[in-house]
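Read the structure below first, then the notes.
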Amino acid sequence: MSLLRYILGVLGTLVYIILYFVFGGIVIASFYNATLRYVLGSIILFFIVVALIIKTSSDRRLRAARDEYDEIQKKHLYDAQEHCPHRLFALSQKDIGVIIMTDKWCKVCGKYLGPATLKRSIFGNKWE
Ligand SMILES: [Zn+2]
C-alpha cells in the first residue's frame, strides 16, 4: 500500500514536471508564434476562470452557512453555538515545543472543534 502511494507520488511529480515544461515551452514559443500566443492566453484565462468559479462557490457556501446560523440564532437565543451544524471550518496551528498542533474552528459560529487530523489518501491529503 505504501509502495503504491510512493509510486503515485512519483507519477504525480512527473506529471507536474511535464506540465511545467509544456507550459514553459508554449511561453517561449509564443514569443515567435502568434497562434501559440492565443493558446497561452486561453490557458491563462482558463485557470483564472476556474479559480474564480472555485472562489465564488466557496463564498456562496459560506454565505449560505451564515444565513442558516442566523436562523439558528433566532431560534436558540442563548445556546446557538450548540445547535450550529459546524459545516465549514478553519484551521489554526500552534507550536508546542517540537510538535505542531492543528486546531479546528467553526468558520460560522467560531466554536473550537478540537484538534484536526490530516487524513491521507492516494487522492491527496485532506484535513478533517
Ligand atoms: Zn459552528
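The values are calculated or read from the model by the stated rules, or taken from the named source; none is laboratory data. The model shown is predicted, which means the values in this text are computed figures rather than measured ones. Virtual Cβ from ideal backbone geometry, glycine too; neighbours counted across all protein chains shown. SASA here: full protein model, heavy atoms, side chains in, ligands and nucleic acids out. Shrake-Rupley method; radii C 1.70, N 1.55, O 1.52, S 1.80 Å.
General observations
- Within the range 1-36, the residues that satisfy the criterion of being assigned to a loop (DSSP other than H, G, I, E, B) and aromatic (F, W, Y) are F31, Y32.
- Residues of the range 113-128 satisfying the condition of being of a type in the set (D, E, K, R) and in a loop (DSSP other than H, G, I, E, B): R120, E128
- Considering each residue of the range 68-75 in turn, none proves to be free of Cβ contacts under 8 Å to residues at least 40 places away in the same chain and hydroxyl-bearing (S, T, Y).
- Lone unmet requirement of (1) in a helix (DSSP H, G or I); (2) surrounded by 13 or more Cβ atoms within 10 Å (Cβ to Cβ); (3) among the hydrophobic types (A, V, I, L, M, F, W, C); (4) under 23 Å from the mean Cα position of the chain (by Cα) for F47: (2)
- Among the residues of the range 59-112, those that are part of a loop (DSSP other than H, G, I, E, B) and either open to solvent by less than 70 Å² (accessible area, probe 1.4 Å) or within 13 Å of the ligand (Cβ to nearest atom) (or both) comprise H76, D79, C84, P85, H86, R87, L88, K107, V108, C109, G110, K111.
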